[in-house]
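To keep things clear, I will list the structure first and then write my remarks on it.
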Amino acid sequence: MSQTLLPTPPDADDGAPPSPPSGAVARPVVDPACPLTEAQFQLIRQAVAAHQPIRKAARIARKSALSILAVGVLAVPFLVLSPGFSTLIVTVTLCGIGYLEHLGARKMSRGLPSAASHLGWNQVTFICLIVVYCIDAMLGPPPSSSLSPQVRAQLSQVGIATDQIDSLVSALTYVVYSAVILLSVTLQGMLAWYYFTRRRWLEDLQRSTPPWIRRLLDELAA
């Protein structure tokens, strides 16, 4: 007599994907769909490459801002030791220029064309401050005007006239401050020219980069 084979009852998990063997690492399921096309990826790569000169300018501006702020902070002890209206104006102006340089660096990193004029004119203001300060120091009163009569008498006894001191110190003052003016006009002037010439790069970047890519780069740089 032939035996009739009964069908095996289905398991509860029939129809489900087979479970991985014990000890195997389960791989996450990755959605192959991507919201961006290859053409859009190419646009992003081009925009990143075009931003390289702008990033370099932003780094230079950040370093310049830190340098100016450092000079402003170092001027604070002089304000305490030798208080005066001119010292206060110089210290506050230095700190203000450093802060504006920092703001300009942030605008430059975002690719805003106004950053070029912002940073350029900030350097011009810095040059004017240095020149005015140096001229005021060169045209100031002679050093002998601050000497007491006792010191004048002692110098006369050793054969040193106050006129000789004034002429020597005045000559050194003119040489030192003239060198400072020359260096400032040269270095800060070159930096201002560099900032002004970045405007063309920034405007080209604005025209050639789609708004959504600019937004993406701004979010990544934040």
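The values are calculated or read from the model by the stated rules, or taken from the named source; none is laboratory data. Treat the numbers as computed from the prediction; the structure is a model and nothing was measured. Positions of Cβ are generated from backbone atoms using ideal geometry, with glycine treated the same way; all protein chains shown enter the neighbour counts.
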Tabulated pairs, region 93-120, first within 15 Å of residue 192 (Cα to Cα), second in a loop (DSSP other than H, G, I, E, B), C-beta under 9 angstrom, 6+ apart or interchain:
118/112
Evaluation of residue 101 against (1) over 30 Å from residue 209 (Cα atoms); (2) modelled with pLDDT of 90 or more; (3) under 28 Å from the mean Cα position of the chain (by Cα) (one fails), failing number
(1)
Restrict the check to region 25-36 and report whether at least one residue is at pLDDT 75 or above and surrounded by fewer than 16 Cβ atoms within 10 Å (Cβ to Cβ).
yes
Checking the conditions here, which among 192, 116, 137 is small (Gly, Ala, Ser), at pLDDT 75 or above, surrounded by 14 or more Cβ atoms within 10 Å (Cβ to Cβ) and farther than 27 Å from residue 89 by Cβ?
116
Taking the criterion of being within 23 Å of residue 98 (Cα to Cα), surrounded by 12 or more Cβ atoms within 10 Å (Cβ to Cβ), at pLDDT 80 or above and of a type outside the set (Gly, Ala, Ser), would at least one residue in region 160-173 satisfy it?
no
